[in-house]
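The structure appears below as structure tokens.
The values are calculated or read from the model by the stated rules, or taken from the named source; none is laboratory data. Keep in mind that this is a model prediction, so the values were computed, not measured. Glycine gets a Cβ as well: all are built from the backbone with ideal geometry, and neighbour counts include every protein chain shown.
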Amino acid sequence: MNFEITKQFVENVKEAVEKSDETLALDLIHDLHPVEIAELYDELNIDEAKFLFLLLDGERAADVLAELDENDRERFLKVLPADVIAKVFIENMDTDDAADVIGDLPEERQEEVLSHVENLDHAGDIVDLLDYEENTAGGLMQKEYIAVKLDWDIKTCIDEIRNQSEDIDELYYVYVVNSENIFVGVLSLKKLILSKPEKKILDIYNSEAISVRTNTPSEEIVNLMDKYDLVSLPVIDPIGRLVGQITIDDVVDVLRQQAEKDYQMASGISTDVEITDNVWRLTKARLPWLLFGVVGGILASQVIGVFEDDLTRLAATAFFLPLIAATGGNVGIQSSAIVVQSIASDSLGIQGFWRKIFKEFGVAAINALVLSAIILSYNFIFSDSLVITISVSISLFVVVVFASIFGSIIPLVLHRMKIDPALATGPFITIINDLVGMGIYLVFTRFFYHILM
């Protein structure tokens, strides 16, 4: 059942901590899920959070730490001794979560914490994971997995699974390796249970299983697990040896981070930030695109200045500038968002570059025709200027087609250049389309004014 962290509940917890009442504090958070305890910590100061953390048993404390926001976790770990971090948290965490925690610490602090981890195999696995880049299979994987030998019989296999399961929270797949630990396939738990004890793994395993190498990018892993409905994915080294597995919970975290990053970039925020970050970090993330917007506004004013005489002669021209700019910006964002989404989900298909553009041109032409017809009808009814009526309608048609194609091309070009295509959405597309859209509109207005007047 979902528990809501209320103001009164937070006050009760704070009061228990202030009185150092360990029994009451534990009683208050006893039934909370680790995620809910992590949410509670957002409402507490560092000393209050530390008091509660040290009351939790090792496994639960580790689960809560894994759920904390990176900035909150970093702030919290600064006030704890290295031996407490090692014994209370690291020793009770899966290797992938432990590596994430250790990786956020300064290098000297990392060595100090790892030196207090009593399980040398666990510490060694964490050190191995720290060598991989964060956004790769090696950086995502955990070292806890179940592997059985190809030549074992079912009885031996089941006994070994019991032994290996002690360090596994969730059992998704049993991986099959040969005598040299080369990954050869996966074993269905259903087949394992239904097979006779004397039968060999060789006779029932699936050799067509998908695996990824340690340097496989996280985006590719997300697409693979989504495409084939996988809940776990084996990771192999360059010579094919099984070295770890990636589970669905890690992929969900990657999806969430990618979505947050893309949304922030589309909103004109240049780096990954949280609402809890300090003022300087938030300002630094948002200011670059705001400056770009100011420059765009100055250029827009220069474009309008070039046509100042036209605006003076035909003042009604100015009434439709916001319409042209807003429509062009909206169309450009729509087009770029669809392309960016397709790139992110790897669903662009095998169509050629120009075929995609021609398809977008068809959609743009239909949209432009409908919108232009609407504004043409409006001006025929409410405007007494033939120049305005014609120039606005034709300009809107051209602007919608341009914005749609431009919004589609830019993400594709950035993707080919290995630049995040999410950069193409939001302020960049809007500002460019504003400038071009207003220029097109004012040029057409001048042209038709000289012809018709």
| query | So which pairs qualify, if the first residue must be in the range 46-62 and assigned by TED's automatic domain parsing to the domain that holds Ile90, the second must be among the hydroxyl-bearing types (Ser, Thr, Tyr), the Cβ gap must be under 6 Å, and the two must be at least 6 apart or on different chains? | reply | Ala49/Tyr41
| note | Exception for Glu112 within (1) under 19 Å from Gly139 (Cα atoms); (2) modelled with pLDDT of 90 or more falls at (1)
| Taking only pairs six or more apart or across chains, which ones have beta-carbon atoms under 8 Å, a first residue in the range 238-253 that is closer than 19 Å to His122 by Cα, and a second residue that is aromatic (Phe, Trp, Tyr) and outside any strand (DSSP E or B)? | Leu242/Tyr145; Gly244/Tyr145; Gln245/Tyr145; Gln245/Tyr172; Gln245/Tyr173; Thr247/Tyr172
| Selection count where residues are more than 13 Å from Ala365 (Cβ to Cβ) and aromatic (Phe, Trp, Tyr), scope the range 391-420 | 1
| request: Report, by residue number, each residue of the range 45-76 that is assigned to a loop (DSSP other than H, G, I, E, B), crowded, with 18+ Cβ neighbours inside 10 Å and out of contact with any Leu (no Cβ under 9 Å at 6 or more places or on another chain). | output: Leu68
| request: Kindly check whether there is at least one residue in the range 380-390 that is among the small types (Gly, Ala, Ser), part of a loop (DSSP other than H, G, I, E, B) and on the phi > 0 side of the Ramachandran plot. | output: no
| query | Do you know which of the residues in the range 273-294 that are surrounded by 14 or more Cβ atoms within 10 Å (Cβ to Cβ) and under 30 Å from Thr216 (Cα atoms) is modelled with the highest pLDDT? | reply | Ala285
| query | Is it fair to say Ser207 is assigned by TED's automatic domain parsing to the domain that holds Asp237, small (Gly, Ala, Ser) and out of contact with any strand residue (DSSP E or B) (no Cβ under 7 Å at 6 or more places or on another chain)? | reply | no
| request: Considering each residue of the range 407-418, count those that are more than 20 Å from the chain's Cα centre (by Cα) and surrounded by 20 or more Cβ atoms within 10 Å (Cβ to Cβ), and give that number. | output: 3
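Let's see how each residue does on (1) modelled with pLDDT under 90; (2) farther than 14 Å from Tyr145 by Cβ:
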site	(1), (2)
Phe183	no, no
Val186	no, no
Leu194	yes, yes
Ser218	yes, yes
Pro238	no, yes
Leu242	no, no
| note | Within the range 312-328, of all residues that are crowded, with 17+ Cβ neighbours inside 10 Å and modelled with pLDDT under 85, the one farthest from Tyr441 (Cα to Cα) is Leu314
| Residues of the range 149-172 being in contact with a Ser or Thr (Cβ under 8 Å, 6 or more places away or on another chain) and within 16 Å of Ser195 (Cβ to Cβ), which ones? | Lys149, Leu150, Asp151, Ile154
| query | Does any residue of the range 77-85 turn out to be in contact with a helix residue (DSSP H, G or I) (Cβ under 8 Å, 6 or more places away or on another chain) and surrounded by 21 or more Cβ atoms within 10 Å (Cβ to Cβ)? | reply | yes
| remark: Restricted to the range 168-202 and to residues being among the aliphatic types (A, V, I, L, M) and part of a loop (DSSP other than H, G, I, E, B), the residue surrounded by the fewest Cβ atoms within 10 Å (Cβ to Cβ) is Leu171
| said: Can you pull out every residue in the range 116-139 that is modelled with pLDDT under 90 and either touching a Ser or Thr at 6+ places or on another chain (Cβ under 6 Å) or over 24 Å from Ile85 (Cα atoms) (or both)? | reply: Asn135
| task | Filter the range 20-44 for residues that are hydroxyl-bearing (Ser, Thr, Tyr) and in a helix (DSSP H, G or I) and give the result. | result | Thr23, Tyr41
| field | Out of Ile419, Ile429, sole residue that is at pLDDT below 80 and not in a helix (DSSP H, G or I) | value | Ile419
